[in-house]
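Trainee: Handing you a structure now.
Rule-based calculations on the coordinates, nothing more; no lab input. Bear in mind the structure is a predicted one, so any value in this text is a computation, not a measurement. No Cβ is skipped: glycine too gets one built from the backbone with ideal geometry, and neighbour counts run over all protein chains shown.
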Amino acid sequence: MVEIVEVDKSGRIVLPKRLRDELGIRERTRLIIVKRDGRLTMTPLDVDEMARRLEAELEGVEVEKIAASIRREINAKIAREHPELSAG
């Protein structure tokens, strides 16, 4: 599908209804806009789908242990690089 749209003075564009319907874009739908090689790509942001994909990818992974390890590493780096921030 190819559509030509116009940008108004506020930088807004109107997505054609046919395209919105096909992609399930409704009022308040968030879009990810990526600029690459002089082109813009817009993709509807589906938070629920992202959460489902993350849950599937992380199934069986002990996320809390990984997060705790990362926190320890970050805190150690801060303590090394900024000893003035240490309590005491």
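Trainee: Do any helices (runs of 4 or more DSSP H) lying entirely in the chain carry at least 3 residues that are over 22 Å from the mean Cα position of the chain (by Cα), and which ones are they?
Mentor: 17-23, 63-81
Trainee: Going through Arg36, Arg52, Arg20 one at a time, which residue ends up being among the charged types (D, E, K, R), exposed (fewer than 10 other Cβ atoms within 10 Å of the Cβ) and under 30 Å from Met1 (Cβ atoms)? Even if it seems obvious, please write down each step before you answer.
Mentor: Values: Arg52 fails: exposed (fewer than 10 other Cβ atoms within 10 Å of the Cβ); Arg20 fails: exposed (fewer than 10 other Cβ atoms within 10 Å of the Cβ).
The conditions single out Arg36.
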